[in-house]
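Remarks on the structure that follows.
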């Protein structure tokens, strides 16, 4: 028995590029084939056994000595298992088939990536950022930003050296190039997703160390030698803007800001009963809903970015310092209930959506501090002075 595929063979399989995986030359024409399907993580150079993220078994009947597996649909149904681990290493999918004494195995590194097939060569090369963002986006001084890129598997013993650079634009001084990070990849550590922190705070810390004291108005992030793929961030300041993070259709995290109006509404559901002629509350459940507006969108790239956010199955909102029980910035998972995303070409557009937290957040007690003595406001004696 042998597995044969009908798609282009790549070192890493992108789910959007998969199609039919065929098991041929089965020993019995109409026999039952036992399949074992596993998703594992094996970190190169690690002597520990692989971690199994998913395992299942199933049986299919052969027809004319073959079985066709709809590999693309199978992988799409388990997309939540096909994301890189915290080190950027990719999961490995192993499908084995057994019939009588014969056995066949198909295996490949896989990442959830619903890209257009024509984009696969670009995504498989060094220097391309795996993002749906337009090349020029706005960022905010209170926000967080990351960019991800694929490091191809090397077949030689050569060490791959990468330098991630940032070209920083100042309000008055001339632009300056700074080194963000340096990476060294040996063959065992390649074939993975590399994630770069490129938040405003990170860039600000770098230029401060170099004794620049001018305000940053924009900055580019790129891998040395691939400046044509740079991502530009244009800096804004507005702490009221909501930032969202989502897993894009390429399988990595993207970031987006809702700069329009924000509102919230508490919905309650009260159950009552009557006892001896008196009505009393049996339960009172409530849920806080939020409504966010993207702000004006004037390019097709901005609309595409927002539509990708709405299509995502994994979304978060950034909760800033002081809004959480720990007092730290954190990402909280959200559920989008509905969206108004109708847009028109050659016009200013906006997208609004209603959302709620995936888990209940405990209400925090009010902050307290030592207060000055109470005094009356002499202009309005009946109004207390705070």
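Bear in mind that the values in this text are calculations on the coordinates, not laboratory data. What you are looking at is a predicted structure, and each value in this text was computed from that prediction instead of being measured. All Cβ positions, even for glycine, are placed from backbone atoms using ideal geometry, and neighbour counts span all protein chains on display.
Worth pointing out:
- Highest-MSF residue in the chain out of 157, 340, 114 [GNM, Cα springs under 10 Å]: 157
- Crossing angle, helix 200-209 versus the chain [Cα axis fit, 0-90 degrees, rounded to tens]: 80
- Between 0 and 90 degrees, the angle of helix 300-311 with respect to the longest Cα principal axis of the chain falls at about 80 degrees.
- Length gained when the stretch residue 307-residue 332 is fully extended (0.36 nm per residue, less Cα-Cα span): 7.0 nm
- Extent along the principal axes, Cα only, for the stretch 125-238: 47, 30, 23 Å, with the longest axis given first.
- Distance histogram in 10 Å bins (all Cα pairs of the stretch 240-386, percent per bin): 9, 28, 23, 18, 15, 6, 0
- Stokes-Einstein diffusion coefficient of the stretch 1-132, Kirkwood radius over Cα pairs, 37 °C, 0.692 mPa s, in µm²/s: 206
- C-alpha center-to-center spacing [the stretch 56-106, the stretch 217-279] in angstrom: 35
- Compactness of the chain as Cα Rg over 2.2 N^0.38 Å, two decimals: 1.27
- Beta bridge orientation in the stretch 2-117: antiparallel %, DSSP, nearest 5: 90
- Packing, taken as the mean count of other beta carbons within 10 Å per residue, orders the peptides 253-266, 162-175, 53-66 from highest to lowest as 253-266, 162-175, 53-66.
- Here the stretch 51-84 is scanned for amide nitrogen atoms under 11 Å from the site 7 Å beyond the Cα of residue 5 along Cα-to-Cβ, giving 71-72.
- Extension gain for residue 81-residue 37 works out to 14.6 nm (0.36 nm per residue, less the C-alpha to C-alpha distance).
- Antiparallel %, DSSP beta bridges [both residues in the chain], to 5: 95
- Each peptide in 219-227, 273-281 was scored by the mean count of other Cβ atoms within 10 Å over its residues; highest first, the order is 219-227, 273-281.
- Extension gain, residue 28-residue 261: 0.36 nm per intervening residue step, less the Cα-Cα distance, totals 77.4 nm.
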